[in-house]
Amino acid sequence: MKKITLEVPIQRGDQTITDITLRKPSAGELRGLSLVNLIQMEVTALTTVLPRITTPALTSEEINRLDLADLMQLGSEVAGFLVPKSAKDFPTE
């Protein structure tokens, strides 16, 4: 799980959402999506998967209104979930 602090909070009625928690998706939550599109942070793919893995659950409309920096931050974390741990720990030298 990863907690993301939004650059631009989301207003949902009387509630202001300043933080989103992302959890690693299961294979079933990726149904209908291309892993390549998720790794490339394709907006349509992110709009589909983010409501499935965010707390509070974001709506498609809220995702479409996100500040670009926030979308990039969320998309980077989603893409990072798809990379095996062994690849993350790969030595750079």
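Would you calculate, for the chain, the mean residue ellipticity at 222 nm contributed by helices, counting each DSSP H stretch of 4 or more residues as -39,500 (n - 2.57) and dividing by all residues, to the nearest 500?
About -11000 deg cm²/dmol.
Can you give the relative contact order of the chain as a percent, counting alpha carbon pairs under 8 Å and 6+ residues apart?
30 percent
When the dipole is taken about the Cα centre of the chain, and only Lys, Arg (+1) and Asp, Glu (-1) are charged at their Cβ, what size is it in debye, to the nearest 20? Mind showing how you got there, number by number?
On the way: 10 positive and 12 negative charges, 81 e Å.
My answer is approximately 400 debye.
Once you order the gyration tensor axes a ≥ b ≥ c over the Cα atoms, which shape class does the chain get: rounded for a/c under 1.5, otherwise prolate or oblate by comparing a/b with b/c?
Cα axes put the chain in the prolate bin.
All of the numbers you see were taken from the coordinates with simple rules; none came from a lab. Keep in mind that this is a model prediction, so the values were computed, not measured. Note that each Cβ is placed from the backbone with ideal geometry, even for glycine, and that neighbours are counted across all protein chains shown.
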